[in-house]
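Structure record follows, encoded as structure tokens.
The values are calculated or read from the model by the stated rules, or taken from the named source; none is laboratory data. Everything numeric here is computed off the predicted structure, so don't read it as measured data. Every residue, glycine as well, gets a Cβ built from its backbone with ideal geometry; the counts of neighbours run over all protein chains shown. When the accessible area is computed, the model is the full protein with side chains, heavy atoms only, and any ligands, DNA or RNA have been set aside. Shrake-Rupley method; radii C 1.70, N 1.55, O 1.52, S 1.80 Å.
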Amino acid sequence: MTYTLQQIQPIIHARWLQKKHPEAPVEHLLLDSRSITAPAVSLFFALPGQRHDGHRFIPDVYRAGVRHFVVCREIDLAQLPDAGVLLVTDSLEALQTLAAHHRAQFTLPVIGITGSNGKTVVKEWLYQLAHAKRHIVRSPKSYNSQVGVPLSVWQTCEEHDLGIFEAGISQIGEMQRLARVIRPDIGLITNLGPAHREGFPSDTVKLQEKMQLFDTARLLVYSADHPAIAAAAQAWIAERPGRNGFSWSKEGRTAALRFSDFQFSAGKTRFRIHPDTPGKPVSILEIPFSDAASIENACHCIAALLALGLPASDFSRRLKRLEPVEMRLELKAGINRCTIINDAYSNDPASLRIALQFARQQSPNRPVTLILSDFLQSGPAKKQLYGPVAAMLAEHGVGRLIGIGADIAALGHQLPPGLPAFFFPDTAAFLHDLQRHDFHDELVLIKGGRLFAFERIARRLEQKAHKTVLEVNLSALAHNLNVYNRLLRPGTKMMAMVKAAGYGSGSAEVAKLLEFHQVDYLGVAYADEGIELRHAGVRLPILALNPEPASFDALARYRLEPEVYSLALLDELLHFAGKTREMAVHLKLDTGMHRLGFEPGDIEALMARLSAHPNLRIMSVFSHLAASDAPAHDAFTHRQAAAFLAMYDQIQAALGYRPLRHIANTGGMARFPEYQFDMVRLGIGLYGVGAGGLKEHLQVVNTLKATISQIRDVAAGETIGYNRNGPLRRPSRIATISIGYADGLLRLAGNGRYQVLLHGRRAPTIGNVCMDMTMVDVSGVPEAREGDEVVVFGENPPVQELAACLQTIPYEVFTNISERVKRVYWQE
């Protein structure tokens, strides 16, 4: 179903700001100027936000070919001479209203899912269990927000006969807006946990808000084992005559469906289900998981399918083959200077579009090869996918297609002319032929359903490296950026520090993500780091904190902006720039850190030199707080800020213009909002290390993992490692893991002073840490096997624990991680 701008105008209660192309079709809703793929049929909603206003990017969107716009304030139409522009009061409300109207055009049953945890897994498992019988439209990935839900519902078309959408909220009032978009016939609430607790005065209020999703539902599926949810569900039923609940329990409570006799074996769980209906048979079912969360999620799914009217016999076999829900795209270095994006877990058009957008975000100018499997759909519905998928490949600039599966060759007939395409019946056939395809200097997106085992392709194409890896969660990094963005006063800019290889995480990959999320500046330590970012295609302004005279030419050539902190360094720069070479520079003031910077006595001489060289443009004046996260030194922090402002006023008066001011670092941003000034500098907080009340809101970005190389049984009285420093007082199982002090696990972590994690249990080091290996005692982890994964730090144990063991700070732990440790980047 397509709309025209003429049809959309009354739906969203808009008035024409400029009436052009009113009858042109609109197929895609666009919110992000960085994700334009089909401009001719896209409608851009300019959404104002706390940090970024979509109206600022309208000229860029127009230059990219988009001709349909919805705005919520007057704009300069001279920049959009050929655009149709609709004016509304609230762009977000207009987006949701359009999606709600679209939803109302269809009578298909819709399942609406909410809860604190498990929403995405339940949605994906319902899809796995029911897609063979139903043609399902569902939320891509975890699109459950105020903008994600409308985009999800917009996918609905005539061929769908079941919708499954999830809704997440973080504050009061949000669910009411989502409920009118989804309008579920069947509601499902998973559980109630601590997520987003800060947005609600109590858990009771949060539950009441979540229950608003089900205002239009005729049936509510819930667990009787959660007393608060069960009580809210019973109240919902009592208040709404003619509507019913479908409860389930695995704890023996009264419910419409009971689960019992759980038996666990080799990671699988068998159980019985007892419908509370006379004459209904008891069934024995099995799932390939044994953890509590997966069992609860499977119970939700079984209850929902039975409530839909599907008998257990229809999905019992698929239940045994449930697949883990992987919501991450992994970014890795590949052979022959390739970059590999591995999304070899699921395949459908919606997730393919997300993966292609991620690929373009990472490498906008590199050639892209797509390795694509068959889709899960079957029958005529699958054939109908090929036309839109072919158009999607063209929109995203795919340069080569490798298709794998029995049916995907039919896609070849729909591809644009000149797009090379190769098709194979299965993964084994492609791997046999792999050498002929000459992968080099390109981005390779691997996108396929799990049953095609594309992880075998990923392993062949990945650059062979040390078995120790640092996993960098780009989604968590973006989340942490948003946590700090929300602290900023209106108009305050954000500089993100990516020095020391992005605090060990990899500067280019982190910088590209930060550029995508529209930070204003990047900060590096040396020119070499900035040059690496320019080679990676990063275009943001970059401050180089420690310039050397030998690097001035490179700074100018790569548009890097040096910090100037002394008269001697300024004289060197003036000698290089002369009177004609224009350069952007930043002045560093010493207000008490006593590391680098101009002092008050330098200002007169500084301004005399600058006034004689107007070709040097002062972009910012800044200083560094010495103790911003130490309450004991708050008085000193205030004196620093006062000294900074006094020196800045002198500089600004002499310059005749106002450079940016910045003094607040990660710690100062939250504790001293009055010193945010024109810009702040965010460093370690990006990586999930914060102080005070922010800690609970930050997510872990870096996880350091090793593998077990060998396990041996060692008798009591023997010793482990160099200098026989690890004596055994009892017979022990000792594992050697693939990390040592050359990787960043320093010797202070040895001899039992630190513990790693495997199979959910801690294992202490024993003996000295070696250069490339460390020994740990796994006597308390009987399931440990050679090749198992070992977490050195991450969620558990946190990096702060290793830092304390090493008598240092998390900064040093991150930056000590060796370059030989492979970085694996992933994004949800």
Checklist entry - Are any residues in the stretch 25-47 surrounded by fewer than 16 Cβ atoms within 10 Å (Cβ to Cβ) and in contact with a Gly (Cβ under 8 Å, 6 or more places away or on another chain), and if so, which ones? => result Ala40
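In the stretch 462-480, which residues are of a type in the set (A, V, I, L, M, F, W, C) and surrounded by fewer than 21 Cβ atoms within 10 Å (Cβ to Cβ)?
Here is the first cut: in the stretch 462-480, the ones of a type in the set (A, V, I, L, M, F, W, C) are 465, 469-470, 472, 474, 476-478.
Matches in the stretch 462-480: Ala465, Val469, Ala478.
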Checklist entry - List, please: which pairs have Cβ atoms under 7 Å, are six or more places apart or on different chains, and start with a residue in the stretch 354-370 that is open to solvent by 60 Å² or more (accessible area, probe 1.4 Å) and end with one that is charged (D, E, K, R)? => result Arg366/Glu442; Pro367/Glu442
Item to check | Filtered residues of the stretch 660-692 (kept if open to solvent by 10 Å² or more (accessible area, probe 1.4 Å), part of a loop (DSSP other than H, G, I, E, B) and out of contact with any strand residue (DSSP E or B) (no Cβ under 6 Å at 6 or more places or on another chain)) | outcome: Gly688, Val689, Gly690, Ala691
Item to check | Residue list for the stretch 308-323, filter: surrounded by fewer than 18 Cβ atoms within 10 Å (Cβ to Cβ), touching a residue at least 40 places away in the same chain (Cβ under 8 Å) and under 15 Å from Val221 (Cβ atoms) | outcome: Leu310
Item to check | Residues of the stretch 475-507 satisfying the condition of being modelled with pLDDT of 90 or more, in a helix (DSSP H, G or I) and within 18 Å of Val799 (Cβ to Cβ) | outcome: Ala476, Leu477, His479, Asn480, Val483
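Look through Glu23, Glu74, Glu27 and report the one residue that is more than 28 Å from Gln361 (Cβ to Cβ) and at pLDDT below 95. If you could, list the steps in order and put the result at the bottom.
On the way: Glu23 fails: at pLDDT below 95; Glu27 fails: more than 28 Å from Gln361 (Cβ to Cβ).
Result of the check over Glu23, Glu74, Glu27: Glu74.
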Next on the checklist: The conditions are (1) within 34 Å of the chain's Cα centre (by Cα); (2) of a type in the set (A, V, I, L, M); (3) over 21 Å from Ser623 (Cα atoms), and Leu574 fails exactly one of them. Which is it?
Outcome noted: (1)
Item to check | Residues of the stretch 390-439 that turn out to be under 29 Å from the mean Cα position of the chain (by Cα) and open to solvent by 20 Å² or more (accessible area, probe 1.4 Å), as a count | outcome: 6
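Just a yes or no: is a residue in the stretch 181-200 in contact with a strand residue (DSSP E or B) (Cβ under 9 Å, 6 or more places away or on another chain) and in a helix (DSSP H, G or I)?
yes
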Item to check | Residue within the stretch 208-223 that is free of Cβ contacts under 8 Å to residues at least 24 places away in the same chain, open to solvent by 30 Å² or more (accessible area, probe 1.4 Å) and not charged (D, E, K, R) present | outcome: no
Next on the checklist: Any residue at all in the stretch 636-654 that's under 33 Å from the mean Cα position of the chain (by Cα) and within 30 Å of Ile809 (Cβ to Cβ)?
Outcome noted: no
Checklist entry - Do you know which residues across the stretch 224-235 are open to solvent by less than 20 Å² (accessible area, probe 1.4 Å) and closer than 28 Å to Arg103 by Cβ? => result Ile229, Ala233
Next on the checklist: If I filter the stretch 731-748 down to residues being charged (D, E, K, R) and within 34 Å of the chain's Cα centre (by Cα), which single residue comes out as surrounded by the most Cβ atoms within 10 Å (Cβ to Cβ)?
Outcome noted: Asp743
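Would you mind stating whether Ala716 is surrounded by 14 or more Cβ atoms within 10 Å (Cβ to Cβ), among the small types (Gly, Ala, Ser) and either in a loop (DSSP other than H, G, I, E, B) or touching a strand residue (DSSP E or B) at 6+ places or on another chain (Cβ under 6 Å) (or both)?
On the way: surrounded by 14 or more Cβ atoms within 10 Å (Cβ to Cβ): no; among the small types (Gly, Ala, Ser): yes; either in a loop (DSSP other than H, G, I, E, B) or touching a strand residue (DSSP E or B) at 6+ places or on another chain (Cβ under 6 Å) (or both): yes.
No.
Among the residues of the stretch 404-417, what is the count of those that are assigned to a loop (DSSP other than H, G, I, E, B) and over 15 Å from Met392 (Cα atoms)?
Residues of the stretch 404-417 assigned to a loop (DSSP other than H, G, I, E, B): 405-407, 415-417.
Within this subset, residues satisfying the condition of being over 15 Å from Met392 (Cα atoms) are 405-407.
The qualifying residues number 3.
Could you check, for the stretch 165-177, whether at least one of its residues is open to solvent by less than 10 Å² (accessible area, probe 1.4 Å) and over 29 Å from the mean Cα position of the chain (by Cα)? Quick ask: steps written out before the conclusion?
Step one: filter the stretch 165-177 for residues open to solvent by less than 10 Å² (accessible area, probe 1.4 Å), giving 165-167, 169, 175.
Checking the rest, the ones that are also over 29 Å from the mean Cα position of the chain (by Cα) come to none.
So far as the stretch 165-177 goes, no, none of its residues is open to solvent by less than 10 Å² (accessible area, probe 1.4 Å) and over 29 Å from the mean Cα position of the chain (by Cα).
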Checklist entry - Just wondering, is there one or more residues in the stretch 366-389 that are more than 28 Å from the chain's Cα centre (by Cα), at pLDDT 85 or above, more than 19 Å from Ala458 (Cα to Cα) and among the hydrophobic types (A, V, I, L, M, F, W, C)? => result no
Checklist outcome for this item: When the stretch 404-426 is checked residue by residue, the ones that are more than 21 Å from Thr339 (Cβ to Cβ), in contact with a strand residue (DSSP E or B) (Cβ under 7 Å, 6 or more places away or on another chain) and touching a residue at least 24 places away in the same chain (Cβ under 8 Å) are Gly405, Ile408, Leu411, Leu415, Asp426
Next on the checklist: Against the conditions (1) part of a helix (DSSP H, G or I); (2) at pLDDT 95 or above; (3) closer than 21 Å to Leu151 by Cβ, where does Val66 fall short? Just the number, please.
Outcome noted: (1)
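With respect to Ile457, determine if the residue is of a type outside the set (Phe, Trp, Tyr), closer than 23 Å to Phe375 by Cβ and assigned to a strand (DSSP E or B). Write out each step before concluding.
Working: of a type outside the set (Phe, Trp, Tyr): yes; closer than 23 Å to Phe375 by Cβ: yes; assigned to a strand (DSSP E or B): no.
No: the conditions fail for Ile457.
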Checklist outcome for this item: Sole miss for Gln652 among (1) within 28 Å of Gly692 (Cα to Cα); (2) without any contact (Cβ under 8 Å) to a residue 40 or more places away in the chain; (3) surrounded by 15 or more Cβ atoms within 10 Å (Cβ to Cβ) is condition (1)
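Before we move on, is Arg609 surrounded by fewer than 19 Cβ atoms within 10 Å (Cβ to Cβ), at pLDDT 95 or above, charged (D, E, K, R) and farther than 24 Å from Ala508 by Cα? Explain how you work it out, then say what you get.
On the way: surrounded by fewer than 19 Cβ atoms within 10 Å (Cβ to Cβ): yes; at pLDDT 95 or above: yes; charged (D, E, K, R): yes; farther than 24 Å from Ala508 by Cα: yes.
Yes; evaluated as a whole, the condition is true for this residue.
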